[in-house]
Amino acid sequence: MTPVLVLPGLFGSEDAHWQSAWLQDHPESRLVQQDSWDRPHLNSWRDRLESVLDDVGEAYVVAHSLGCLLAASLAGRPAAARVRGALLVAPCDLPATEKLHPGRIAFGTMPTAELPFPSMIVGSLNDHYMSLDRLTLFARLWGSELRNAGLAGHINVASGYGRWPGGYRVFETLKARTRHLEKIPQKKPSLGRGVSSAW
């Protein structure tokens, strides 16, 4: 079974977070543990992710918030070839996040390159970490299919997302589409740039 790497964002994912439930419910899942959840640094976080990818060989990625930018930062790097697909939930926008948490994040600028692996973004209409127009922009830049979760906030504990069966269904869709793309080797990049309902 292909491993699933869980990538939390700033401060990590507390016990009540849907990512913690994901780790309990999916035995093939593995948390990519960072040395500092409170002061994220792109180079150190990415070094750890690439090391884990080297260790497991290939994996799916399930990311939240800043973890989505970590996954997106793999574009153009050899480790990206080890990612079979990525579920990117509520990606954050660095300018908004730095305003909310001044002085904590050293992640440079927003990644803008198209992702070389299939990806789905689940975002919401009222996420204070990323506006809808910016969400739509980065879904297009990354070549990701965008799923609209409605008024879901940052899709975290504060917005009512503990165990999240809907996310499991979206992930199964991603895996099914990834398997389909693998049967068409001459075309790989994105799943498409449309916007659809997450549920």
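Test residue 111 against the stated conditions and say whether it is surrounded by 22 or more Cβ atoms within 10 Å (Cβ to Cβ), part of a loop (DSSP other than H, G, I, E, B), on the phi < 0 side of the Ramachandran plot and of a type outside the set (Val, Ile, Thr). Yes.
Looking across the range 1-25, the residues that are buried (at least 16 other Cβ atoms within 10 Å of the Cβ) and free of Cβ contacts under 8 Å to residues at least 40 places away in the same chain come down to 12, 20, 23. Of all residues in the range 55-71, those that are surrounded by 15 or more Cβ atoms within 10 Å (Cβ to Cβ) and either in a loop (DSSP other than H, G, I, E, B) or among the polar types (S, T, N, Q) (or both) total 1.
For the range 149-165, a residue qualifies if it is buried (at least 17 other Cβ atoms within 10 Å of the Cβ) and out of contact with any helix residue (DSSP H, G or I) (no Cβ under 9 Å at 6 or more places or on another chain), and exactly one does: 154. Filtered by the rule that a residue be more than 15 Å from the chain's Cα centre (by Cα) and either open to solvent by less than 20 Å² (accessible area, probe 1.4 Å) or at pLDDT 95 or above (or both), the range 174-187 gives a lone residue, 178. Filtering the range 114-135 to residues that are part of a helix (DSSP H, G or I) and buried (at least 16 other Cβ atoms within 10 Å of the Cβ) leaves 134, 135.
Considering 48, 82, 77, 30, the condition of being without any contact (Cβ under 8 Å) to a residue 40 or more places away in the chain, in contact with an Asp or Glu (Cβ under 6 Å, 6 or more places away or on another chain) and open to solvent by 70 Å² or more (accessible area, probe 1.4 Å) is satisfied by 82 alone. Across the range 1-54, the number of residues qualifying as hydrophobic (A, V, I, L, M, F, W, C) and part of a helix (DSSP H, G or I) comes to 9.
The values are calculated or read from the model by the stated rules, or taken from the named source; none is laboratory data. The structure presented is a predicted model; accordingly, all values stated were derived computationally and were not measured. A quick note on method: Cβ atoms are made from the backbone with ideal geometry, for glycine too, and the neighbour counts reach across all protein chains shown. Note: areas computed on protein heavy atoms with side chains; ligands, DNA, RNA excluded. Shrake-Rupley method; radii C 1.70, N 1.55, O 1.52, S 1.80 Å.
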